[in-house]
Amino acid sequence: MSEQSWTRHHWKTLVNIITAGALLLLIVFTRKQIGSTIHDLKHVHAWALLLLIPIEAINYHAQAKIYQRLFEIVGNKLPYKYLYRAALELNFVNHVFPSGGVTGLSYFSLRVRSGKALSSGKATLVHIMKVGLYLLAFEVLLIFGVFALAIMGRVNNLVILVSSSLLTLLLVGTVMFFYIIGSKRRINSFFTGATKIINWVIHLFLRRYPETISIDGVRFLFEDIHENYSVIKKNYRRLQAPFWYSLLADGTEIMAVYMVYIAFGKLVNVGAVILAYGIANFAGLISVMPGGVGIYETLMVGVLASTGIPPGVSLPVTVMYRVLNTLVQIPPGYYLYHRNLKRTA
């Protein structure tokens, strides 16, 4: 049996092994944090920590509604429960596979197409639109956060630089992407060129594969994305509801972090939490560690310190939030992910 044939027949086993390995790495890298969190639990208000469960439930409700409304715009009605489960699975995939969200995007496309009359381009666009709405909603929260810091007199040159840089990066990135997919010619030029570069880099290491990623396949995918984007663009007024749900999703994430501060008996400036959360999550996308372990905590504590919250306060809160948030979200995502894997075997 050839190598490709063996892989094709045992892909499910390989995915299970890789997933289990990634999850084990996550546990290994966070073992000290888990230990310190368990030790600190006796010093906090348990009722505040228990509120993380309904807060995260509302967050996934918002995500499912975003997907549902976006799919309705492009002509597909998907069940709410189906999308809620898919959102949980997607979070698990993004958490254990550090790929800047690329793995999650691929998984979501395959997940929602399973048993549904959906094209790959349509599923991909809906997920990308969700991310774009998330970014726009977070920009609103970030502006609010800077005002909250200014009221408390916590805006210094570093805070202004960090917040303005993040706002500019988010805004420019969002505008550039939608500018590219707004034209079939720009889509073909940009993504065909990008695919050629990626294939060239892969070919440097794997000489047997001169075209690992099919250029024609990529061209077809993004032309499909463009056609569905044109439908959304014509119905742009219907994006209001997904935007409000995006604001709810971003807001509940900030609320989850803030509830851990309340559990420690600390009422800090919410603007500091918004700014630190944005920087830490953005940088965590490029981390090679599962869940962005290390980079996330360091940046979160560093940004909070620049706004006047000492590391002695922010570090235990950040660690506890990360561990508890993972414990709340990962188990159901893991279960649903593997259940779906068995169904598609």
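Going down the table (Lys65/Lys196; Lys122/Lys184; Lys184/Lys234; Lys65/Lys184), which pairs top 26 Å between alpha carbons?
As for pairs spanning more than 26 Å Cα to Cα, those are Lys65/Lys196; Lys65/Lys184.
Per residue, how many Å² of accessible area does the stretch 214-273 show with a 1.4 Å probe?
Result: 48 Å² of accessible area for each residue.
Can you give the net charge of the other residues whose Cβ lies under 15 Å from the Cβ of Tyr236, counting K and R as +1 and D and E as -1?
Overall, the nearby charge balance is +4.
Once you list every other residue whose beta carbon is under 10 Å from the beta carbon of Val74, what net charge do they have if Lys and Arg are +1 and Asp and Glu are -1? Provide the component values of the computation, followed by the final result.
Details: positive: Lys122; negative: Glu72, Glu227.
Around Val74, the charge tally is -1.
Can you give me the long-range amide H partners of His45? Hydrogens built in the peptide plane at 1.01 Å from N, cutoff under 5 Å, separation of 5 or more residues or another chain.
Phe264, Gly265
If we sort 170-177, 311-318 on the protection proxy, mean other Cβ atoms within 10 Å, highest first, what's the order?
Order by mean packing, descending: 311-318, 170-177.
What's the local net charge at Gly121, with K and R +1, D and E -1, over the other residues with C-beta under 9 Å away?
Neighbourhood net charge equals -2.
Label-point separation (nm) for Ser165 and Arg186, each offset 7 Å from Cα along Cα-to-Cβ?
For the pair Ser165/Arg186, the computed spacing is 2.7 nm.
The values are calculated or read from the model by the stated rules, or taken from the named source; none is laboratory data. From a predicted model like this one, the values you see are computed outputs, not experimental measurements. A quick note on method: Cβ atoms are made from the backbone with ideal geometry, for glycine too, and the neighbour counts reach across all protein chains shown. Side chains included, ligands, DNA and RNA excluded: accessible areas come from the protein's heavy atoms. Shrake-Rupley method; radii C 1.70, N 1.55, O 1.52, S 1.80 Å.
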